[in-house]
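Shown next, in structure tokens, is the structure this report addresses.
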Amino acid sequence: MSVFVTLSTTLRNFVPGYRAADGLNLEVSGPTTAGDLAQRLNLPLSEIKIVMINGRRLELATPINDGDRVGYFPAVGGG
Amino acid sequence: MIKILRVNMKTKACDFQDVPAEYDGLGGRGLTSAIVGKEVRPTCTPLGPHNKLVIAPGLLGGTNCANSNRVSVGCKSPLTGGIKEANSGGQPGGHLAKMGIHAIIIEDIAPEGEWYQLELTKDTAKLVPSTVAGLNNYDAVAKLVQQYGEKNSYITIGRAGEFRLTAASIAFTDRELRPTRHAGRGGVGAVMGSKGLKAIIVNPEGGENLPLVDKEAFTAAAKRFSKALLEHPVCSQGLPNYGTAVLVNILHEAGGLPTHNFSAGRFEGHDEVSGETLNRLTKERGGEGVVAHGCMTGCIMRCSGIFPDKNGKFMGKWPEYETLWAFGPNSGINDIEMIVRYDYQCDDYGVDTIDVGAAICLFMDAGVLKYGDAEGCFKLMEEISKGSAIGRVLGCGAATTGKVYGRRRVAEVKGQAIPAYDPRAVKGQGVTYATTTMGADHTAGYAVTANILSVGGTIDPLGKGGQIDLSRNLQIATAAVDTVGLCLFVAFAVLDIPDALVAIVDMLNARYGLKLTLDDVPALGKSVLETEIKFNREAGINEFADRLPDFFYDEELPPHNVKYDIPEEELRTALTW
Ligand code: SF4
């Protein structure tokens, strides 16, 4: 299945060559959670504060489905 | 000694007075709202002689507490017709506090066409004819610095304030003497303009840190408070490195980034106008660019970066998230340099970036400009400074522009533009927009925290549950924070690290010799809100004004295809306790 991934701020540093304009299109096989996917990308789980799957805030343990878009964020805030 | 300064623009009398006992325990917003509530007739004409402009540092201003030198500006708003408090960073807040000036109350009006500036020292205050009338903020401040020197700080209005436009702001100089920090919202600059007051020269000489009743206890608590700020990743990493613009990408992902006049919740060009892009370009270009810049002495979160042009020269400050949103996604512009230039124009002419940016979008909605027309937007912005009819419409903000062009989809509450977080996809924020005493104001109860950022708990942003309580509690806490003089961004630490609030209470007790407990904090917030609600009721703004424009209830917002669905009857309970 294919998944579209976006990374925010410091998490971008863990994926060499990450281009924000393109995001990452990944092919994934077998049951995969958002956490599995993060580990595959070498993102330290301790630095991920928020995972959004299709624009909804979910958990690292949430399974990913074909065609999902997944966004990873460290702690961010403003106002 | 701590005192209040009364300045009468008609008689030119400037009197230092003792602080009346009834204002004990109040500063910042709590004090401006108390004075406006007591001394300004709610039915008065906002631009007339009976309105007053009140400027007040917060309760912990002029101390070593981190991020405590904000300054509040209060009056009856010509934009909303209700009470207004707009606060700002910059140097004057800390200076006024150290000079022992608890509040400046500007009364009555000068004869039309006469402009004055207030020369202020620790012990003296004098109104003199202004030497900078007719100038915008950057030129005005540069000339005042030549005339009065670099050790002062300056409070000014640009030409928009002179024209008394309802989105006019008041500028406060930053540490580098640039007029980049603003009390932006509600037309406070128009009220200063209506009085004939062009500038205040704040000479801090002889000012000193304020006496502390218990110095040791204060120092210990101030340390704990700083520690909490430095421990919290938003305050110590996110804000300094990416500014408030760090929000662009997360609001886009959450589907709550209002795009093309609130018709979608995601914007294709989002990354080009994001905090990540500000950070990258500022580092690449170097020169006068600064990542992690503090807008005032004592700020340790430093969100106000400086953006360099291609040659490394100062181009403008990092625009706030709301500025990037208004001119960017909502107006279809994905050119970050152009947005830095609009932000500079706003700072220079002295207008609120939110209301004017939202008005630009309505010019596009009306077909006067095309969405994404970056050059056209720049030219239209210049009209504000020229004082042309179209520039005056723009400088009066979104509600006026919407009326002039007969638009149906105008995102405003009580006449003030709704910023940067679509209420349909961030429902708690919708409660705040609808119900705050200020007109749509995101800072008044920042529900984005639990709705999107997982700070202070988590509440589903698309659901109705818990949103009213969330907004109410945040509005109460914010009224207290604004009274203390703290930059609101301390709230991230306060919401997540329990000792941060305890440290604030300990500092207040050590500073003033009080015996406050944690329970007194919400009590303070509530009493500030009660004063403001009473003023609004007597100004003719009742609870039925606590609503959102109906297009939010009628139209679905992609990508989540959600409508606003918290009934008006429920919204009307938000500010009851
Ligand atoms: S955190 Fe930002 S807005 Fe707050 S005082 Fe510091 S620079 Fe100013």
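No value in this document is a laboratory result; all are computed from the given coordinates. Only a predicted model underlies this, so the values are computations on that prediction, with no experimental measurement involved. Cβ sites come from the backbone with ideal geometry, for glycine too, and all protein chains shown count toward neighbours.
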| Convex hull volume per residue in cubic angstrom - Cα atoms of region A:2-73 | 81 Å³
| task | Determine ³J(HN,Hα), in whole Hz, for all residues of region B:246-261 in sequence, where each value follows from phi through the Karplus function 6.51 cos²θ - 1.76 cosθ + 1.60 and θ = phi - 60°; x replaces Gly and Pro. | result | 4, 6, 4, 5, 6, 5, 4, 4, 6, x, x, 8, x, 10, 6, 6
| note | Links exceeding 22 Å between C-alpha atoms in this model, out of B:Lys370/B:Lys427; B:Lys76/B:Lys534; B:Lys122/B:Lys151; B:Lys317/B:Lys379; B:Lys12/B:Lys122, come to B:Lys370/B:Lys427
| said: If I histogram all Cα-Cα distances within chain B using bins 10 Å wide from 0, what percent of pairs lands in each bin? | reply: 4, 19, 32, 29, 14, 2, 0
| For A:9-22, mean number of other protein chain Cβ atoms within 10 Å | 2
| query | Between B:Asp519 and B:Trp577, what is the FRET efficiency for a Förster distance of 22 Å, r being their Cβ-Cβ separation, to the nearest 0.05? | reply | 0.95
| note | For region B:100-240, the Kirkwood Rh over every pair of distinct alpha carbons, in Å, works out to 17.0 Å
| If you take the beta carbon distance between B:Ile2 and A:Met1 as r and set R0 to 51 Å, what does 1/(1 + (r/R0)^6) give as a FRET efficiency, to the nearest 0.05? | 0.15
| Among residues other than B:Val291 whose Cβ falls under 15 Å from its Cβ, what is the net charge (Lys/Arg +1, Asp/Glu -1)? | +2
| remark: For B:Lys126, the aspartates and glutamates lying under 15 Å Cα to Cα, once residues fewer than eight places off in the same chain are dropped, come out as B:Asp15, B:Glu107
| note | When the charge dipole of chain B is computed with +1 on Lys and Arg Cβ and -1 on Asp and Glu Cβ about the Cα centre, the Cα farthest towards its positive end, among B:His442, B:Val132, B:His182, belongs to B:Val132
| Using the per-residue mean of other Cβ atoms lying within 10 Å as a proxy for protection, in what order, highest first, do the peptides B:98-109, B:18-29, B:427-438 fall? | B:427-438, B:98-109, B:18-29
| remark: Of all trypsin sites (Lys or Arg not before Pro) in region B:123-170, the ones in DSSP coil with at most 13 other Cβ atoms within 10 Å are B:Lys151
| said: Quick check: pseudo-label points 7 Å beyond the Cα along Cα→Cβ at B:Ala217 and A:Thr33, how many nm apart are they? | reply: 4.8 nm
| field | In range of the label at B:Gln146: residues from region B:117-133 whose backbone nitrogen is under 14 Å from the point 7 Å along Cα→Cβ | value | B:131-133
| message | Between A:Ser46 and A:Leu24, what is 0.36 nm times their sequence separation minus the Cα-Cα distance? Round to one decimal in nm. | response | 5.8 nm
| Part-to-part distance (alpha-carbon centres) for region B:311-338 and region B:376-442, which is given in Å | 18 Å
| message | Can you give me the Kirkwood hydrodynamic radius for the protein assembly as shown, using every pair of distinct Cα atoms, in Å to one decimal? | response | 24.6 Å
| field | Dipole axis of the protein assembly as shown (+1 Lys, Arg; -1 Asp, Glu on Cβ), positive-most option in B:Met315, B:Ala171, B:Ile418 | value | B:Ala171
| field | region A:2-73 - charge dipole about Cα centre, Lys and Arg +1 at Cβ, Asp and Glu -1, debye rounded to 20 | value | 240 debye
| What is the Cα centroid distance between region B:490-560 and region B:458-478, reported in whole angstrom? | 11 Å
| note | Per the C-alpha gyration tensor (a ≥ b ≥ c, the square roots of its eigenvalues), region B:395-491 is rounded if a/c is under 1.5, else prolate if a/b beats b/c, else oblate; here it's oblate
| Just how large is the dipole of the protein assembly as shown about the Cα centre, in debye to the nearest 20, putting +1 at every Lys and Arg Cβ and -1 at every Asp and Glu Cβ? | 1120 debye
| How well do other chains shield peptide B:458-468, expressed as the mean number of their Cβ atoms within 10 Å of each residue Cβ? | 1
| message | Order A:30-39, B:115-124 from most to least packed using the mean count of other Cβ atoms within 10 Å. | response | B:115-124, A:30-39
| If r is the Cβ-Cβ distance from B:Asp15 to B:Lys386 and R0 is 45 Å, what FRET efficiency results, to the nearest 0.05? | 0.70
| field | Antiparallel %, DSSP beta bridges [both residues in region A:2-73], to 5 | value | 75 percent
| Each residue of region B:135-151 in order: what ³J(HN,Hα) in whole Hz does its phi give by Karplus 6.51 cos²θ - 1.76 cosθ + 1.60, θ = phi - 60°, with x for Gly and Pro? | 8, 7, 4, 5, 5, 4, 5, 4, 5, 5, 5, 4, 6, 10, x, 8, 7
| field | Within straight-line cross-link reach of B:Lys223, lysines at Cα separation under 17 Å, skipping those fewer than 8 residues along the same chain | value | B:Lys215
| field | Burial order of peptide ranges A:69-77, B:85-93 (average beta-carbon count within 10 Å, highest first) | value | B:85-93, A:69-77
| request: Work out the mean other chain Cβ neighbour count within 10 Å for the residues of B:242-255 and drop it here as an integer. | output: 5
| query | Reachable lysines from B:Lys386, Cα under 18 Å, same-chain residues fewer than 8 places away excluded? | reply | B:Lys198
| request: Go from 0 up to the bin containing the longest alpha carbon distance in region B:1-131, width 10 Å each, and give me the % of pairs per bin. | output: 13, 43, 37, 7, 0
| DSSP-defined beta bridges in region B:28-92 - what % are antiparallel, rounded to 5 | 100 percent
| Any idea what the dipole of region B:3-202 comes to, in debye rounded to 20, about its Cα centre with Lys/Arg Cβ at +1 and Asp/Glu Cβ at -1? | 260 debye
